[in-house]
Amino acid sequence: MRVVYLDNNATTRIADEVKEAMLPYLSEYYGNPSSMHTFGGQVHRRIEIAREQAAALINADPEEIIFTSCGTESDNTAIMSSLESVPHKKHIITTRVEHPAVLNFSKAMARKGYRVTFLPVNRSGKLDLDELKNSLTDSTAIASIMFANNESGNIFPIDEIAAFVRSKGVLFHTDAVQAVGKIPVSVKELPVDMMSISGHKIHAPKGVGALYIRRGVRFSPYIIGGHQEKGKRAGTENVASIIGFGVACELAKNHIQAINTRIRGLRDRLEKGLLSTCPDARINGDIENRLPNTTNISFEYVEGEAILLRLNEYNICASSGSACTSGSLEPSHVLRAMGVPFTAIHGSVRFSLSVYNTDEDIDLVLNVMPGIIKELRELSPYGRESK
Ligand code: PLP
């Protein structure tokens, strides 16, 4: 049965071109890229092509890219390196809506004695830039603020934020895991010091990522060992995945246009259709500044988990901000930080599209959702009260 996959902010399918490029490096080309012999050397050269492809996607120079095991490692590395490069500074600034890769790492640093400011957001998920400006002090080592939010799709004004943070002599890192490949990102235009990317959000395999480190920025490796990645990240390279990631970056460059036209159109049609056919539904997030592939909708008086289970019967994949389905015991920290009422958090569903989605996918969701919501509301004690 066909799967209608609308959970692309969680992960994406591996593109056929990516898989094809990887296969030889899982069989005949198994040399170690650090070896002296030609057999290993050819693998090394292929990794350098992947580095050029990754750099081209964000308009960086290849020497400014290191490959990592995932977006989480890139995030942890950026923060740790910043703290180590200015050891007398003990303050971190981040936001309440970061991915756990930044949020929980910052909390762990707080337990080690660092002071951490978690900036709040308003009801539509926007940051108060004055609050950011007021929180910067002489002891601030790093500000780590995400480019785009994985749950709401909100895009933060990273150009403005980064320019201000750096004008105060503070290092700036952005988690661009959800932004890169969906909207144009150019580090030549953005004054960021470091930026995280992840492969599996752009049709590469899981378990590979990259960290952009601007030339001249002081850097301390997080994973220490051999001399790989010019001494910036030890460990024998995940060769096939890095090569796949490079190809995915090249594809992503070409996909951005389609995501901002055709896919944005599908997302808008889905959103409009659901809002007009399902009463008491409301969009969470900043409508004007959102990723073109994402919509997060709260359906009042129903459980998001129940909606997902019913969608699952039609092989439709989405995700919810309520507990359990999001893999955690707590309902979405992002929607809570935005002040979304508890009942609306519990009824929230995120649909996130990719270039592989079609009109038929959206038609199916629009056909089945009104019935699912009506039926669940009839079963729900809140639903009966609301009638
Ligand atoms: N940052 C953001 C915004 C994400 O959405 C994710 C993954 O969901 C990550 C970081 C972590 O990336 P990875 O799964 O590659 O560790």
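The values are calculated or read from the model by the stated rules, or taken from the named source; none is laboratory data. Since the model is a prediction, treat every value here as computed from it, not as a measurement. Don't worry about glycine lacking a Cβ; one is built from the backbone with ideal geometry, like all the others, and counts go over all protein chains shown. Each accessible area value is taken on the protein alone, full model and side chains, heavy atoms only, with ligands, DNA and RNA left out. Shrake-Rupley method; radii C 1.70, N 1.55, O 1.52, S 1.80 Å.
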Within region 69-87, restricting to residues that are touching a residue at least 40 places away in the same chain (Cβ under 8 Å) and away from the ligand (no atom under 12 Å from the Cβ), the one that is most open to solvent (accessible area, probe 1.4 Å) is Glu84
Exactly one of Ile223, Ile197, Ile242 is touching a residue at least 24 places away in the same chain (Cβ under 8 Å), within 11 Å of the ligand (Cβ to nearest atom) and not assigned by TED's automatic domain parsing to the domain that holds Thr295, and that residue is Ile197
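Residues are listed down the side, and each one gets a yes or a no for (1) within 16 Å of the ligand (Cβ to nearest atom); (2) in a strand (DSSP E or B); (3) outside the structural domain of Ala210 (by TED's automatic domain parsing); (4) within 30 Å of Ser298 (Cα to Cα):
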position: Asn104; (1), (2), (3), (4): yes, no, no, yes
position: Glu131; (1), (2), (3), (4): no, no, no, yes
position: Glu151; (1), (2), (3), (4): yes, no, no, yes
position: Gly169; (1), (2), (3), (4): no, no, no, no
Restricted to region 245-268 and to residues being without any contact (Cβ under 8 Å) to a residue 40 or more places away in the chain and closer than 21 Å to Ala60 by Cβ, the residue surrounded by the most Cβ atoms within 10 Å (Cβ to Cβ) is Gln257
Region 211-318: helices (runs of 4 or more DSSP H) wholly inside it with 3 or more residues that are β-branched (Val, Ile, Thr) are 239-258
Checked region 134-156 for anything farther than 14 Å from Val192 by Cβ and open to solvent by less than 10 Å² (accessible area, probe 1.4 Å); matches are Thr140, Ala141, Asn149, Ser152, Gly153, Asn154
By residue number, the members of region 293-316 that are within 19 Å of Val4 (Cβ to Cβ), of a type outside the set (Val, Ile, Thr), open to solvent by less than 10 Å² (accessible area, probe 1.4 Å) and out of contact with any Leu (no Cβ under 7 Å at 6 or more places or on another chain) are Asn296, Phe299, Gly304, Leu311
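Can you report the number of residues in region 190-209 which are within 21 Å of Leu127 (Cα to Cα) and not hydroxyl-bearing (Ser, Thr, Tyr)?
Going through region 190-209 one residue at a time, the tally reaches 6.
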Those residues of region 180-210 which are assigned to a loop (DSSP other than H, G, I, E, B) and more than 20 Å from Leu251 (Cα to Cα) amount to Lys188, Glu189, Leu190, Pro191, Val192, Asp193
Among (1) open to solvent by 10 Å² or more (accessible area, probe 1.4 Å); (2) touching a residue at least 60 places away in the same chain (Cβ under 8 Å), Val180 falls short only on (1)
Filter result for Pro62 (on the phi < 0 side of the Ramachandran plot, open to solvent by 10 Å² or more (accessible area, probe 1.4 Å) and more than 15 Å from the ligand (Cβ to nearest atom)): yes
Filtering region 8-47 down to residues that are within 16 Å of the ligand (Cβ to nearest atom) and either farther than 26 Å from Thr358 by Cβ or open to solvent by less than 60 Å² (accessible area, probe 1.4 Å) (or both) yields Asn8, Asn9, Ala10, Thr11, Thr12, Val18
Per the list (1) surrounded by fewer than 24 Cβ atoms within 10 Å (Cβ to Cβ); (2) free of Cβ contacts under 8 Å to residues at least 60 places away in the same chain; (3) within 15 Å of the chain's Cα centre (by Cα), residue check on Gly207 breaks on (2)
